[in-house]
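One structure below.
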Amino acid sequence: MSSKIKRYAVCGVSARAIWMFIKPIVEKFSESAQVVALLDIDPLRFKVCKEAIPETASLPEYMPDQVDKMIEETKPDALLVVCKDCFHVDYILKGLEHGLDIVSEKPMCTNIEDVVKVCRAEKMSKGRVICTFNYRYAPVHRKLRELILEGRIGRITHVDLNWYIDIKHGSSYFNRWNRLRENSGSLSIHKSSHHFDLVNWWVDGIPESVHAFGALNHYGPDGEFNPSRKDGRHCSNCEEKRQCAYLARWRTRAQIQRVHDDHLDAFDMERPDRLYSPEHYRPDKCIFDSEINIHDTYIANVRYRNGVLLNYSANFSTPWEGYRLAVNGTRGRLETEQWGGVGSVSFPMPEERRFIDVYPIFESRERIWLKDGNGGHGGGDPVILEDIFLGEDPLRKYKILADTQDALRSIAIGDAVYNSIMQDRIIRMKDTVPEDLWNSRKS
């Protein structure tokens, strides 16, 4: 680990920025990292951050049009980009222009055109981009990678991954800015880039072609539980909230009555640390609005250059949260099923289900029991923070910290999923991604 303290400017003082990055820097990584500036469009977020973390009270505050000024005055070594997805590219490009390192929340960008811009800019800059694919770091996902690297099931031929997001977590995406393609790239990028990255990482795959189907089955004006067809409602002051099955599912009548017009995040309205100024952002928009232009249900087939095939599905209004996974190889099969997730309030993962099954073709099944990780995203968050702020673990025998190449591969699939659904055709990567970018990792 370098003795130099690395200076970070935070672009987007979101709840995730505060609790995932700023607080750990202050409390755990102060000998190697320091926050030197905060940037956001909403001054209230500065207030929330500084009240939650008193050590940040003296940090200078900047608006989005003051990036150059912030860099000049505070002289950061890196930018932490944790704002709305569609603005990631602006701060990443600006940071690379100044020769700064970048730590970007996933997804790095919301479309393939912006990813290409970042990859080109990184080549020309002394800066390096890290993308925080923290799902990789969960114990179960690291173990799957290790089993594949060990050759336990031979050459990988096929992956079957079905992801379920429960009704509280799933509906929250449709309360917020994520519900618009122009903000998030759609859930096939904002959410599924996590999942595609896992598969890409497990199989060492470069996507070749994608074919997908999708629909808006649960949300939007045609949602089955829409109390009435009207736009402009907000959960906090909706006259029909008693008739909303999604809002009522997790609250008593008295709790619903207390959900008043205070602009708290509809994802967890009782938490004051998710407070936003209403003139900047209302995170409690109705999940049945007609402006929603993304899908809540989709399936995708992906073919990789190395011959691996992927079947993938995502559903955003299910009774429980988690996934079912099977990885097939020439010498056997890996299986696991995981329950629970970020923001999920569905059934907890029972201890007797925490395992990976290894099925050799010609031998008996082996069951590998797993331990829970400590921290968010299945125990992945604390481990990725160590790699970011202390340097990658030199004892680890495989690459895990994600870069622009990994972001490119995951977003290329997610963008192709959306376009394949909308255009009703197979999307071929050779038509969307310049060939020289596929193997352009920055050392």
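Tabulated results
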read-out	value
Enumeration of residues in the range 76-92 that are farther than 14 Å from residue 109 by Cα and either assigned by TED's automatic domain parsing to the domain that holds residue 190 or among the acidic types (Asp, Glu) (or both)	77
Complete set of residues in the range 348-375 that are surrounded by 15 or more Cβ atoms within 10 Å (Cβ to Cβ) and at pLDDT below 80	349, 373, 375
Identity of the residue in the range 1-59, in a loop (DSSP other than H, G, I, E, B) and in contact with a Pro (Cβ under 8 Å, 6 or more places away or on another chain), that ends up farthest from residue 281 (Cα to Cα)	40
Options 311, 315, 306, 328: the member that is modelled with pLDDT of 95 or more and assigned to a loop (DSSP other than H, G, I, E, B)	306
Residue in the range 101-113 that is outside any loop (DSSP other than H, G, I, E, B) and over 18 Å from the mean Cα position of the chain (by Cα) present	yes
Long-range neighbours under 7 Å by Cβ, at least six apart or interchain, first residue within 14 Å of residue 200 (Cα to Cα) within the range 301-326, second of a type in the set (Lys, Arg)	309/303
Leading residue by the ranking (farthest from the chain's Cα centre (by Cα)) among those in the range 236-252 that are surrounded by 14 or more Cβ atoms within 10 Å (Cβ to Cβ) and assigned to a loop (DSSP other than H, G, I, E, B)	240
Conditions (1) in the same structural domain as residue 176 (by TED's automatic domain parsing); (2) in contact with a strand residue (DSSP E or B) (Cβ under 6 Å, 6 or more places away or on another chain); number of the one not met by residue 284	(1)
Candidates 433, 417 - the one that is in a helix (DSSP H, G or I) and crowded, with 18+ Cβ neighbours inside 10 Å	417
The range 285-303, subset in a loop (DSSP other than H, G, I, E, B) and either of a type in the set (Val, Ile, Thr) or in contact with a Phe, Trp or Tyr (Cβ under 9 Å, 6 or more places away or on another chain) (or both), residue surrounded by the fewest Cβ atoms within 10 Å (Cβ to Cβ)	289
Every residue from the range 68-87 that is touching a strand residue (DSSP E or B) at 6+ places or on another chain (Cβ under 7 Å) and within 14 Å of residue 40 (Cβ to Cβ)	70, 79, 80, 81, 82, 83
Answer residue from the range 177-216, given it is assigned to a helix (DSSP H, G or I) and of a type in the set (Val, Ile, Thr) and is nearest to residue 149 (Cα to Cα) among those	203
Cross-chain or 6+ apart pairs with Cβ under 7 Å, the range 241-252 first and under 20 Å from residue 221 (Cβ atoms) and without any contact (Cβ under 8 Å) to a residue 40 or more places away in the chain, then part of a loop (DSSP other than H, G, I, E, B) and aliphatic (A, V, I, L, M)	241/259
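Quick grid of which residues meet (1) modelled with pLDDT of 95 or more; (2) not assigned by TED's automatic domain parsing to the domain that holds residue 366:
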site	(1), (2)
95	yes, yes
140	no, no
152	yes, no
167	no, no
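The values are calculated or read from the model by the stated rules, or taken from the named source; none is laboratory data. What you are looking at is a predicted structure, and each value in this text was computed from that prediction instead of being measured. Positions of Cβ are backbone-derived with ideal geometry, glycine not excepted, and every protein chain shown enters the neighbour counts.
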